[in-house]
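See structure below.
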Amino acid sequence: MEKINIWIDCDPGIDDAVALAMAAASRDRLHILGISTVAGNQTSDRVTGNALKLASFLGMDDVPVVRGARGPLVREVEPAGDIHGATGLGNCELPATTKQTASESGIFYMYSRIMELPEEEKVTLVPTGPLTNIALLLRTFPQVQARIEKIVLMGGSSSGGNVTPAAEFNIWADPEAAQMVFAAGLPTVMCGLDVTLKSGLNNGQIEELCRSRRKVEQACGQMLAFYLDTTRHEGEENMVAIHDAVTILYLTNPELFSGRNVSVSVDCSWGEERGRTICTADGQEQKVYLLDQVNLPEFQWVLLAKLRSLS
Ligand code: BDR
Ligand code: CA
């Protein structure tokens, strides 16, 4: 089977960390061109440090990590320390790494790597944070669009939000960027709260990870126990939603999910509706496939098996 070229744009972030683990465990199926960081769950310095440590910890020292935007297009950064902790990874202390970010920065590096692909190949962008880097990439280098197969993003919701009644965190953190990305009209898979709040692990499964002697399982267990505590108000009582992991598992195991076609626009007003993703099935050409269903037992089985495969 041909590998899928992917670029991961993230703000680790506990569930971003699990998404990176899913990618590390799927390298037989995914060719990871690189990882870029975006300020979101924590500051650019913290999420970039976390991405470097995670890449080493997960056996991806060969994958370039590049620092992207230091903050959203218009508003200021408002890290989610209450959800992901002061470091961005809960209580988990990952080993230090000597890995450095690529020398060229952000979208310039991304653009070069994508354009270097053989002419017949394309890339799938996998953003799991605010869409700042993706918007900047599309605006700065419009010619890159022809090399993008699709965007599989975590963000948005067709109903309510998790950071305000209207908005999901990644979209709320940079609504202008999100609007630019949806307006570009590229084929997009939206892994929003409709599906991600149903995609997670329960208390017992997390406790089992914590008891594991394998270092990746243990670290993920520790992070997820923290995340379960800070997100108890969202979704199911004893289950932690692992939002960002849905993107990678959709690519490797699309049969786990189903959804519907919609058009999406983002509310960029400065009122209470700011950051809402307005999803309509209006008969126009709909480029967004919005996931809304998951086979939970299978999702959990695949996720746990992938974690177990990383020692
Ligand atoms: C999204 O917000 C972040 O806090 C998570 O990492 C995830 O990407 C969920 O709303
Ligand atoms: Ca994230």
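The values are calculated or read from the model by the stated rules, or taken from the named source; none is laboratory data. Remember, predicted model here, so these are calculated numbers, not experimental data. Here Cβ is always computed from backbone atoms with ideal geometry, including for glycine, and neighbour counts include all displayed protein chains.
Given the options GLU207, GLU176, GLU168, name the one that is among the charged types (D, E, K, R) and within 11 Å of ligand 1 (Cβ to nearest atom).
GLU168
Answer with yes or no whether ASN133 is of a type in the set (S, T, N, Q) and modelled with pLDDT under 95.
Against the criterion (of a type in the set (S, T, N, Q) and modelled with pLDDT under 95), ASN133 does not qualify.
Is there a residue in region 223-244 that is buried (at least 20 other Cβ atoms within 10 Å of the Cβ), more than 20 Å from the chain's Cα centre (by Cα) and part of a helix (DSSP H, G or I)?
Checked region 223-244: no residue is buried (at least 20 other Cβ atoms within 10 Å of the Cβ), more than 20 Å from the chain's Cα centre (by Cα) and part of a helix (DSSP H, G or I).
Regarding region 93-101, can at least one residue be identified that is at negative phi, away from ligand 1 (no atom under 16 Å from the Cβ), in a helix (DSSP H, G or I) and polar (S, T, N, Q)?
There is no residue in region 93-101 that is at negative phi, away from ligand 1 (no atom under 16 Å from the Cβ), in a helix (DSSP H, G or I) and polar (S, T, N, Q).
Would you be able to say whether some residue in region 280-297 is hydrophobic (A, V, I, L, M, F, W, C), at pLDDT 95 or above and more than 16 Å from ligand 1 (Cβ to nearest atom)?
Within region 280-297, one or more residues are hydrophobic (A, V, I, L, M, F, W, C), at pLDDT 95 or above and more than 16 Å from ligand 1 (Cβ to nearest atom).
Restricted to region 102-147, and to residues that are surrounded by 23 or more Cβ atoms within 10 Å (Cβ to Cβ) and assigned to a loop (DSSP other than H, G, I, E, B), which residue is farthest from ligand 2 (Cβ to nearest atom)?
The residue in question is LEU131.
Which members of region 23-36 meet the condition of being within 13 Å of ligand 2 (Cβ to nearest atom) and touching a residue at least 40 places away in the same chain (Cβ under 8 Å)?
SER36, the sole residue that qualifies.
Looking at VAL123, VAL144, VAL163, which one is within 16 Å of ligand 1 (Cβ to nearest atom) and at pLDDT 95 or above?
VAL163
Residue pairs, Cβ under 8 Å, 6 or more apart or interchain, first in region 48-66 and without any contact (Cβ under 8 Å) to a residue 60 or more places away in the chain, second surrounded by fewer than 22 Cβ atoms within 10 Å (Cβ to Cβ) and acidic (Asp, Glu). List them.
Pairs that qualify, where the first residue is without any contact (Cβ under 8 Å) to a residue 60 or more places away in the chain and the partner is surrounded by fewer than 22 Cβ atoms within 10 Å (Cβ to Cβ) and acidic (Asp, Glu), are ALA55/ASP61; VAL66/GLU104.
Would you tally the residues in region 68-85 being under 12 Å from ASN50 (Cβ atoms) and free of Cβ contacts under 8 Å to residues at least 12 places away in the same chain?
Within region 68-85, residues that are under 12 Å from ASN50 (Cβ atoms) and free of Cβ contacts under 8 Å to residues at least 12 places away in the same chain number 0.
Cβ-Cβ distance below 8 Å, separation of 6 or more or different chains: which pairs start in region 95-117 with a residue that is without any contact (Cβ under 8 Å) to a residue 40 or more places away in the chain and end on one that is part of a helix (DSSP H, G or I) and of a type in the set (D, E, K, R)?
Pairs that qualify, where the first residue is without any contact (Cβ under 8 Å) to a residue 40 or more places away in the chain and the partner is part of a helix (DSSP H, G or I) and of a type in the set (D, E, K, R), are MET115/ARG147.
Quickly run through region 264-305 and pick out the residues that are in a strand (DSSP E or B) and without any contact (Cβ under 8 Å) to a residue 60 or more places away in the chain.
Passing the criteria: ILE278, THR280.
Out of THR196, THR188, I need the residue that is in contact (Cβ under 8 Å) with a residue 12 or more places away in the chain, within 16 Å of ligand 2 (Cβ to nearest atom), under 21 Å from LEU30 (Cβ atoms) and among the polar types (S, T, N, Q). Which one?
That would be THR196, the only listed residue that is in contact (Cβ under 8 Å) with a residue 12 or more places away in the chain, within 16 Å of ligand 2 (Cβ to nearest atom), under 21 Å from LEU30 (Cβ atoms) and among the polar types (S, T, N, Q).
Take the residues in region 1-22 that are in contact (Cβ under 8 Å) with a residue 40 or more places away in the chain and of a type in the set (D, E, K, R), then tell me which one is farthest from ligand 2 (Cβ to nearest atom).
ASP9
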